[in-house]
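The values are calculated or read from the model by the stated rules, or taken from the named source; none is laboratory data. In this text, all values refer to a predicted model and were calculated from it rather than measured experimentally. Here the Cβ positions follow ideal geometry from the backbone for every residue, glycine too, while neighbour counts run over all protein chains shown. Ligands, DNA and RNA are excluded from the accessible area calculation, which covers all protein heavy atoms including side chains. Shrake-Rupley method; radii C 1.70, N 1.55, O 1.52, S 1.80 Å.
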Amino acid sequence: MAQRGADLGTIQETLLIPLYGRAVENRKKDPILTDPRAEEIVAAIDYDFARFDHLPSLTGTVLRTSLFDRWAADFLTAHPDGTVVEIGTGLNTRFERTDNGRARWFELDLPDVIELRRTFFTDTPRRTTLPASVTDEAWATTVAAHSGGPYFFAAEAVLPFLTEADVHHVVDLLATRFPGSTLALDTTGPSFVDAQDQHDALSKVDARMQWTCADPTQLAEWQPGARILASHTLSSLPTPMYGALPAATQEMLTGLAAQRLPQVEEYRLSLVQLP
Ligand SMILES: C[S@@+](CC[C@H](N)C(=O)[O-])C[C@H]1O[C@@H](n2cnc3c(N)ncnc32)[C@H](O)[C@@H]1O
């Protein structure tokens, strides 16, 4: 099969890191998750993925995705006919891993990403791609017009690339248009953002993070009544998830927790109930 170029903007290129992380994980004997689609997509895109080979943060991306999968699955257990919106979906395959055959899904990203995504995934009456910036309010009107909620928003490795003003705007937009919705997001503290030029994967691309968030409870300052339902670092994952991980990953995470590296401690994965 002929490969196609990625042709992506600077921030958009970062989607290739977690994509490759899932493809590499899929090749392992005892993987954290399986993702045969990621393998197929990596093989179909003409890009120097080898630059990410053997980087520790590839495992970090897979652990993050796995936690977000658990949160999405928990949401769908509680709300089987609910609506999942992937914000900055990239070439993520959460639908393939967690869909329950009933929920409504929207997968939103910038237009060049959606153009690429549509070469690999097909829209259906329950699954719609949206080419838009998350900061553009029009997508919220489309989602509200074509779904009933309740709503689960997954913003995985997206918001740190926006400015703080844009993140604030997005949180206000979600709370105003989808009151009571649940938002899964990751936040990067000052040590993480300041050291990003040395980050094993980010140093291989041009994109840089802009939003520094030392504490995800900041969202409750922006939106009084917002509640943090859960907040984890990669070295303090929920006990049931940790218990289900391959032994080698558990060992690696236990070692990481003992080191208390600021970059690890300040990278948080949080689940927020918006007012
Ligand atoms: C690191 S990738 C993560 C992709 C995906 N969430 C995953 O975990 O595989 C960051 C994604 O955020 C998207 N993104 C960045 N700024 C955005 C914006 N303003 N609106 C929508 N998506 C955006 C990028 O295009 C890219 O797909």
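Observations on the model:
- Cβ-Cβ distances below 8 Å connect the following pairs, each with a first residue in the stretch 138-159 that is within 9 Å of the ligand (Cβ to nearest atom), a second residue that is open to solvent by less than 60 Å² (accessible area, probe 1.4 Å) and among the basic types (Lys, Arg), and a separation of six or more residues or different chains: Ala154/Arg94; Glu156/Arg64; Ala157/Arg64.
- Each residue in the stretch 81-94 was checked for being farther than 12 Å from Phe120 by Cβ and either modelled with pLDDT under 95 or within 15 Å of the chain's Cα centre (by Cα) (or both), and 6 of them qualify.
- Residue in the stretch 153-160 that is more than 15 Å from Phe68 (Cα to Cα) and at pLDDT 95 or above present: yes
- Gly60 being open to solvent by less than 50 Å² (accessible area, probe 1.4 Å) and not in a helix (DSSP H, G or I): no
- When each of Glu115, Glu164 is tested for being among the acidic types (Asp, Glu) and touching a Phe, Trp or Tyr at 6+ places or on another chain (Cβ under 9 Å), the lone residue that passes is Glu164.
- Only one entry of Thr10, Thr14 meets the criterion of being assigned to a helix (DSSP H, G or I), within 12 Å of the ligand (Cβ to nearest atom) and touching a residue at least 40 places away in the same chain (Cβ under 8 Å), and that entry is Thr14.
- Lone unmet requirement of (1) within 17 Å of Thr163 (Cα to Cα); (2) open to solvent by less than 40 Å² (accessible area, probe 1.4 Å) for Ala214: (2)
- Hey, Glu107 within 13 Å of the ligand (Cβ to nearest atom) and assigned to a helix (DSSP H, G or I) or not: no
- Residue in the stretch 166-188 that is away from the ligand (no atom under 11 Å from the Cβ), in contact (Cβ under 8 Å) with a residue 12 or more places away in the chain, open to solvent by less than 30 Å² (accessible area, probe 1.4 Å) and under 19 Å from Gln263 (Cα atoms) present: yes
- Only listed residue being open to solvent by 60 Å² or more (accessible area, probe 1.4 Å) and of a type in the set (A, V, I, L, M), chosen from Leu219, Leu229, Leu234: Leu229
- Of the residues Arg94, Arg127, the single one that is open to solvent by less than 20 Å² (accessible area, probe 1.4 Å), near the ligand (Cβ under 9 Å from one of its atoms) and charged (D, E, K, R) is Arg94.
- Taking the stretch 161-237 as the region of interest, the helices (runs of 4 or more DSSP H) fully inside it that hold 3 or more residues being closer than 27 Å to Tyr151 by Cβ are 164-177, 218-222.
- The C-beta contact set for the stretch 34-63 (first residue over 18 Å from Ala157 (Cα atoms), second residue in a helix (DSSP H, G or I) and among the acidic types (Asp, Glu), distance under 6 angstrom, 6+ apart or interchain) comprises Arg37/Glu96.
- All positions within the stretch 240-275 that are in a helix (DSSP H, G or I), modelled with pLDDT of 95 or more and either open to solvent by less than 30 Å² (accessible area, probe 1.4 Å) or touching a strand residue (DSSP E or B) at 6+ places or on another chain (Cβ under 6 Å) (or both): Met241, Thr249, Leu253
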